[in-house]
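Each remark here refers to the structure printed beneath this line.
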Amino acid sequence: MRYLQYHLFGKGIVPKTSSVPLVTGSAIHRGIEHLMNRLRIGQEEDIDTAVGLAVEEYVKNVSDAGFSGKMMVDDRQKAFTFSEQKALAEALIRAWHLVESPDIKKRYKVLSVEREIEPIHLTNGVRLQAKVDAELQEITTNEYHNYSIKSVKAWYEKVEDSYRSDLQGLTEAWAVEQDSLLADEATNNIICELQRLRNAQSFPDKNLTQIENYLTKASRGPKKISAVRFCILIKGKVIMNNFTELYTTNNPLIRGFKYVGPDSIQYAHSWQYPKPENKSGMGTLGKGWEGFNVWEQFAIKDWVNYLFSGQCQPECDNPVYAHVLRPAEMFRNDDEIEEAISEIKFQEEYINRALFNLSNLNVPNGDILAHTFPKRRQVCNFHKGEVCSYKPICWENKLSEWEELYQIRIPHHEAERENGKQN
Ligand code: SF4
């Protein structure tokens, strides 16, 4: 997969269609990026604009590519999923704004959002590119934290453990620190040069001092990232709704229940609710209640605000808080960072050599591929819950017809896009 996705034909190839979790995840990131940027410049967040930008990104991604995945069985399903995921992205951005944003505002200074860090030299011919969701500084301690937003189907112990050993958190912390070292070095070099000019009396001393003061003030010195703060947005599990016969995401922020009485309509977000008088401690909504898709009957904004107010089933946990999780920060561990970077250096050096050999040496390519990029058969049929999208190439010999299903990958990082070559 690494070879096909990142190196084949120089840039790698990716499926033409987008996977549902990917487009929803990008839309959520786009909305939150806007809100974080407003916090960075000290302006009031504009939630409606953030949602607008997210929806725009979502619609563009889906209309450019369409959906893929084993559940996208027909046009009816695709049309339903399109509306559902659009609503879900909006609901989660609004939930983030209500739950997480006030905390960020209170506790942190937002230093940058989705900043492209200049590629950092890793090892011979290999540079590391990184873009952190946001770089934060804690107001009370002045400590630096990286911020990472993830959207997952559900949150349970195993998922939590996987974040505790998250590689991205380690490499991003390393990249930010290396970048700040380089920036600090550059500032010191300029200050030395200013001193040389001062000694040579080539410029008025007053001007040189002004520049020096500005640089000293702007320079933050080498950074040390103390922790990674995660924010986990819960999208909900996808289940087959036997009534509509559609795969449906189970999330109370976009799926509710209603009871139409003679004079009024009652609403609920959870089928089960605490009922101490029952032996199990739980009760169910029961007869007369029916599920509905929120986006078909409400503005998502109104429903999420209604849930957040706690007026709907106050006896239950508030579902808005339950879908924006903020686990304890993952504090820095120098040994882990060092170990991860050392592993990556060896691995990437090995891959880099293999790529060089593939294009330059007269060795059968099959041998190099088998040696460096062996098939990972254990995930061909189950990669992140889906059949691997490269199966037609690996198992059906479709490489010669690749353009039907795939396109050349557009690099995520600016430096790689600009270079027009693999870094
Ligand atoms: S089909 Fe299997 S071997 Fe091929 S890229 Fe996917 S996981 Fe790897």
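Please treat every number below as a calculation from the coordinates, not as lab data. Computed from a predicted model, the values in this text were never measured in an experiment. Don't worry about glycine lacking a Cβ; one is built from the backbone with ideal geometry, like all the others, and counts go over all protein chains shown.
Structure notes:
- Share, in percent, of DSSP beta bridges within the chain that are antiparallel, nearest 5: 80 percent
- Evaluated with a Cβ-only charge set (Lys, Arg +1; Asp, Glu -1), the range 70-143 carries a dipole of roughly 120 debye about its Cα centre, given to the nearest 20.
- FRET efficiency for the Arg76 to Ala154 pair, using the beta carbon distance and R₀ = 35 Å, is estimated at 0.85.
- The C-alpha atoms of the chain define a longest principal axis, and helix 20-40 lies at about 60 degrees to it.
- Using just its DSSP H runs of length 4 or more, each adding -39500 (n - 2.57), the chain gives a mean residue ellipticity at 222 nm of -15000 deg cm²/dmol after division by all residues.
- Hydrodynamic radius by Kirkwood, which averages 1/r over all alpha carbon pairs of the range 157-259, in angstrom: 19.2 Å
- Between the Cα long axis of helix 167-200 and the first principal axis of the chain there is an angle of about 40°, rounded to the nearest 10.
- Gain upon complete extension [Leu22, Asn365; 0.36 nm per residue less C-alpha separation]: 120.3 nm
- With a Förster radius of 22 Å applied to the beta-carbon distance between Glu339 and Glu114, the computed FRET efficiency rounds to 0.20.
- Helix 75-99 and the longest principal axis of the C-alpha atoms of the chain enclose an angle of approximately 70°.
- The magnitude of the dipole of the range 179-307, with charges of +1 and -1 set on the Cβ of Lys/Arg and Asp/Glu and taken from the Cα centre, is near 340 debye.
- Inter-part distance, the range 313-333 to the range 258-305, computed on C-alpha centroids, equals 22 Å.
- Considering only Asn37, Tyr3, Pro21, and ranking their Cα positions along the charge dipole of the range 1-83 that arises from unit charges at the beta-carbon of Lys, Arg, Asp and Glu, the one farthest toward the positive end is Tyr3.
- Pairwise centroid distance, computed over Cα atoms, of the range 133-182 with the range 89-114, Å: 15 Å
- 30 Å Cα-Cα threshold exceeded, pairs from Lys235/Lys345; Lys11/Lys109; Lys86/Lys345; Lys16/Lys384; Lys109/Lys345: Lys235/Lys345; Lys11/Lys109; Lys86/Lys345; Lys109/Lys345
- Radius of gyration, Dmax [the chain; alpha carbons; angstrom]: 25.6, 91
- Shown for Glu33, Glu349: other C-beta atoms within 10 Å of each C-beta, ranked fewest to most, produce the order Glu349, Glu33.
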